[in-house]
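Asker: Just passing along the structure, written as structure tokens.
The values are calculated or read from the model by the stated rules, or taken from the named source; none is laboratory data. Keep in mind that what you see is a predicted model, and the values were worked out from it rather than measured. Note that each Cβ is placed from the backbone with ideal geometry, even for glycine, and that neighbours are counted across all protein chains shown. All accessible areas refer to the heavy atoms of the entire protein, side chains included, with ligands and DNA or RNA removed. Shrake-Rupley method; radii C 1.70, N 1.55, O 1.52, S 1.80 Å.
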Amino acid sequence: QVRLVESGGGLVQPGGSLRLSCAASGSISRASQMGWYRQAPGKQREYVARLNSGGSTNYADSVKGRFTISRDNAKNTVYLQMNSLKPEDTALYYCNVVLMAATYWGQGTQVTVSA
């Protein structure tokens, strides 16, 4: 069992930056996949970014070039660096980890982009 805790959300002006963190209660070094998703009010949860075990990354078109996913195995933490934020990035952001064929989710951290 792995518990995930997201942090780093908050209120930021358009064009600003935030870095989200997702701390795992156990080792994620053997995770096959780590990712970030988001859910805006009234909308379905959508995929944002993915980091595979081999180091390859993939991003939703809406965030490509602005967001970067990374990991620190020593800290059992996954990050999402978000730059050039837009109001449409406002959502509850969740991290997810796939480990030993099980999928784990955190509780989410709120990101609000507003002037």
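Asker: Give me the percent relative contact order of the chain, please, defined on Cα pairs under 8 angstrom at least 6 residues apart.
Answerer: 38 percent
Asker: Of the accessible area of the range 34-115, with the probe set at 1.4 angstrom, what percent is carbon plus sulfur?
Answerer: Carbon plus sulfur share of accessible area: 47 percent.
Asker: Here's something else I'd like to know. Would you list, by chain and number, the lysines whose Cα falls below 16 Å from the Cα of Lys64, excluding same-chain residues fewer than 8 positions away?
Answerer: Qualifying lysines at Cα under 16 Å: Lys86.
Asker: Compute the accessible area per residue over the chain, keeping the other protein chains in place, probe 1.4 Å, unit Å².
Answerer: Accessible surface, normalised per residue, equals 52 Å².
Asker: To the nearest 20 Debye, how big is the dipole of the chain about its Cα centre, given +1 on the beta carbon of each Lys and Arg and -1 on that of each Asp and Glu?
Answerer: That gives the chain a dipole magnitude of about 140 debye.
Asker: Here is a further query. Quick one: the Cα spread of the range 67-106 along its three principal axes, in angstroms, biggest first?
Answerer: 36, 20, 12
Asker: Would you mind computing the Rg to Rh ratio of the range 1-97 from its alpha-carbon coordinates, Kirkwood style for Rh?
Answerer: Ratio of gyration radius to Kirkwood radius for the range 1-97: 0.95.
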